[in-house]
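Notes follow the structure.
The values are calculated or read from the model by the stated rules, or taken from the named source; none is laboratory data. In this text the structure is predicted, and so the values were computed from the model without any measurement. Cβ atoms come from the backbone with ideal geometry, glycine included; neighbour counts cover every protein chain shown.
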Amino acid sequence: MSVATEPLTPPQSAFRVGAGAVVVTTSTVLPVFLTGALSVQISRELDFDPAGLGLVVALYFGVSALVSLPVGRIVERLGSGTTSRIAVVGAAFFMLLCSVAARSYGSLIAILLCGAWCNVMGQLSSNLTLARSMPAGRLGLSFGVKQSSVPLATLLAGVAVPAVALTLGWRWAYVIGAGLALCALVAAPRGGRATPRDATNPENRATAALSVIGVAGGLAAACATGLGIFLVAAAVDRGIAVGLAGLVLTLGSVVGLVMRMLHGWLADRRSGGHVAVVAGSLLLGAGGLALLAVPGPVALILGTILGFGLGWAWPGLLQFAVVRLNPSAPAAATAIVQVGVYGGSCLGPVGFGFLATHFSFTTAWLVSAGVMLAAAAGMVLGRRMLLAHALHRPCADSVVPATLSAHNRSAREIAS
């Protein structure tokens, strides 16, 4: 039976495809980052402290982990065009709901958690859009650019504080965010037909190997999320000036953004080995986290560059590798890995905060370095499982339609 797919996009429209994926992903992740950026203003009215904010973020990513697999199946079933629009409209609706119905801390939590699926659907529909529509020679770079949506959402949320929250009020920031999300409908992908059930045979998806890689990704995400949240506080605790600590965090964010795109650009020029590159990045990133346990500004800067530049620049590359391994069901396959990543993003800040509070930031950084080393080892194990899966499934790509042949590589080639 032939597999229904989206037609490959002409090269001249590749920019539109990539831009659409970035816009959709940014719009659907904006609610949680907007809440974080506006937390000072919101907490004054709704009466919660930083620990309450941490709980909101942890629960948000926890719910995201729970819904990732079913949402992945929905995206495959309905196609990227339909689901990207559903996700964007959903994000706009829940931001509007925050602006008018968040009258207590509990109601804010309820609204954000009910809308967590929008972020998951936006992420997975964008993965499917890129996998089915982006020219093969630009696929790696496109995933690196798409992952820039997280720092882009952070930037938009940060701008909203002085531009809107301090002038019109924090509720209007959500209204404007909803308007921006609805504007993203213009850039959302067109078409995107559903994938028949027989095209997503779990036996062809290396589910066990992807689950191991997802757990490793979760461990890495746990460490990296703690890095982004606690870097400034840890530096100030060590006697670093607040201004310098903030500049170092900005430096780390820029390095991480550039490295995400560089990872993708280099991936398009390699014949394989993407999972191995992720493992190597985590290994060096662990060294950066260990440096953060060393006093002094030099160790802080070097540790931040390694931590952000390698320890938190791998998500796009990992998603690219998973998509290349599973071209017939990219959304469902990346959903398996995203369960671990969302779970790590949920538990990481909680664990780091506990260690920093009850022991020290030094202990928290060293434990994080050890966990990231374990994540690198998990990637290596997952890679070996992929190789073993490829040996038992030498013709796994035979289910892939001819229109996608430019996107296909064997699991052995990609993982080796």
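Being of a type in the set (Gly, Ala, Ser) and in a helix (DSSP H, G or I) is the filter here, so list the residues in region 334-368 that pass it. 335, 340, 343, 344, 345, 348, 351, 353, 356, 364, 368 - these are the residues of region 334-368 that are of a type in the set (Gly, Ala, Ser) and in a helix (DSSP H, G or I). Among the residues of region 27-40, those identified as part of a helix (DSSP H, G or I) and of a type in the set (A, V, I, L, M, F, W, C) are 29, 30, 32, 33, 34, 37, 40.
Filter region 210-220 down to the residues that are under 17 Å from residue 321 (Cα atoms) and surrounded by 24 or more Cβ atoms within 10 Å (Cβ to Cβ) and list them by number. Of everything in region 210-220, those that are under 17 Å from residue 321 (Cα atoms) and surrounded by 24 or more Cβ atoms within 10 Å (Cβ to Cβ) turn out to be 210, 213, 214, 216, 217, 218, 220.
Scanning region 233-248 for residues that are buried (at least 17 other Cβ atoms within 10 Å of the Cβ) and among the hydrophobic types (A, V, I, L, M, F, W, C) yields 234, 235, 240, 245, 248. Look at region 157-177: where a residue is within 15 Å of residue 26 (Cβ to Cβ) and a partner is buried (at least 17 other Cβ atoms within 10 Å of the Cβ) and of a type in the set (Val, Ile, Thr), sitting 6+ places away or on another chain with Cβ atoms under 8 Å, you get 160/176; 176/164.
So that you can scan it fast, the table gives a plain yes or no per residue for (1) in a loop (DSSP other than H, G, I, E, B); (2) in contact with a Ser or Thr (Cβ under 7 Å, 6 or more places away or on another chain):
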{"residue": "269", "(1), (2)": "yes, no"}
{"residue": "290", "(1), (2)": "no, no"}
{"residue": "294", "(1), (2)": "yes, no"}
{"residue": "304", "(1), (2)": "no, no"}
{"residue": "308", "(1), (2)": "no, yes"}
{"residue": "317", "(1), (2)": "no, no"}
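Test residue 116 against the criterion of being within 30 Å of residue 43 (Cβ to Cβ) and among the small types (Gly, Ala, Ser), and give yes or no. Answer is yes for this residue.
Yes or no, residue by residue, for (1) surrounded by fewer than 21 Cβ atoms within 10 Å (Cβ to Cβ); (2) closer than 21 Å to residue 327 by Cβ; (3) out of contact with any helix residue (DSSP H, G or I) (no Cβ under 6 Å at 6 or more places or on another chain); (4) of a type in the set (Ser, Thr, Tyr):
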position	(1), (2), (3), (4)
128	no, yes, no, no
136	yes, yes, no, no
149	no, no, no, yes
177	no, no, no, no
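Cβ-Cβ contacts under 7 Å between residues 6 or more apart (or on different chains), taken from a first residue in region 127-139 that is not in a helix (DSSP H, G or I) to a second residue that is not polar (S, T, N, Q), are listed as 134/14; 134/17; 134/18; 135/11; 135/14.
Between 384, 324, the distinction of being closer than 30 Å to residue 265 by Cβ, free of Cβ contacts under 8 Å to residues at least 40 places away in the same chain and either assigned by TED's automatic domain parsing to the domain that holds residue 119 or in a helix (DSSP H, G or I) (or both) belongs to 384 only.
When region 97-126 is limited to residues that are part of a loop (DSSP other than H, G, I, E, B) and over 13 Å from residue 27 (Cα atoms), the one that is nearest to the chain's Cα centre (by Cα) turns out to be 102.
Of the residues making up region 92-141, those that are closer than 22 Å to residue 78 by Cβ, hydroxyl-bearing (Ser, Thr, Tyr) and at pLDDT 80 or above number 3.
Only one entry of 132, 77 meets the criterion of being among the basic types (Lys, Arg) and surrounded by 20 or more Cβ atoms within 10 Å (Cβ to Cβ), and that entry is 132. Filtering 262, 282, 291, 244 for residues that are at pLDDT 85 or above, over 20 Å from the mean Cα position of the chain (by Cα) and hydrophobic (A, V, I, L, M, F, W, C) leaves a single hit, 291.
Rundown of residues vs (1) small (Gly, Ala, Ser); (2) surrounded by fewer than 24 Cβ atoms within 10 Å (Cβ to Cβ); (3) within 18 Å of residue 145 (Cβ to Cβ); (4) touching a residue at least 60 places away in the same chain (Cβ under 8 Å), yes/no style:
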site: 302; (1), (2), (3), (4): no, yes, no, no
site: 305; (1), (2), (3), (4): no, yes, no, no
site: 312; (1), (2), (3), (4): no, no, yes, yes
site: 329; (1), (2), (3), (4): yes, no, no, yes
site: 340; (1), (2), (3), (4): yes, no, no, yes
site: 347; (1), (2), (3), (4): no, yes, no, yes
site: 351; (1), (2), (3), (4): yes, yes, no, yes
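Residues are listed down the side, and each one gets a yes or a no for (1) at pLDDT 75 or above; (2) on the phi > 0 side of the Ramachandran plot; (3) outside the structural domain of residue 119 (by TED's automatic domain parsing); (4) assigned to a helix (DSSP H, G or I):
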{"site": "4", "(1), (2), (3), (4)": "no, no, yes, no"}
{"site": "16", "(1), (2), (3), (4)": "yes, no, no, yes"}
{"site": "19", "(1), (2), (3), (4)": "yes, no, no, yes"}
{"site": "25", "(1), (2), (3), (4)": "yes, no, no, yes"}
{"site": "42", "(1), (2), (3), (4)": "yes, no, no, yes"}
{"site": "48", "(1), (2), (3), (4)": "yes, no, no, no"}
{"site": "51", "(1), (2), (3), (4)": "no, no, no, yes"}
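All told, residue 186 falls short of being at pLDDT 90 or above, of a type in the set (A, V, I, L, M) and farther than 19 Å from residue 48 by Cβ.
Would you say residue 224 is of a type in the set (A, V, I, L, M, F, W, C), farther than 16 Å from residue 312 by Cβ and either assigned by TED's automatic domain parsing to the domain that holds residue 294 or surrounded by 18 or more Cβ atoms within 10 Å (Cβ to Cβ) (or both)? For residue 224, the condition - of a type in the set (A, V, I, L, M, F, W, C), farther than 16 Å from residue 312 by Cβ and either assigned by TED's automatic domain parsing to the domain that holds residue 294 or surrounded by 18 or more Cβ atoms within 10 Å (Cβ to Cβ) (or both) - is not met.
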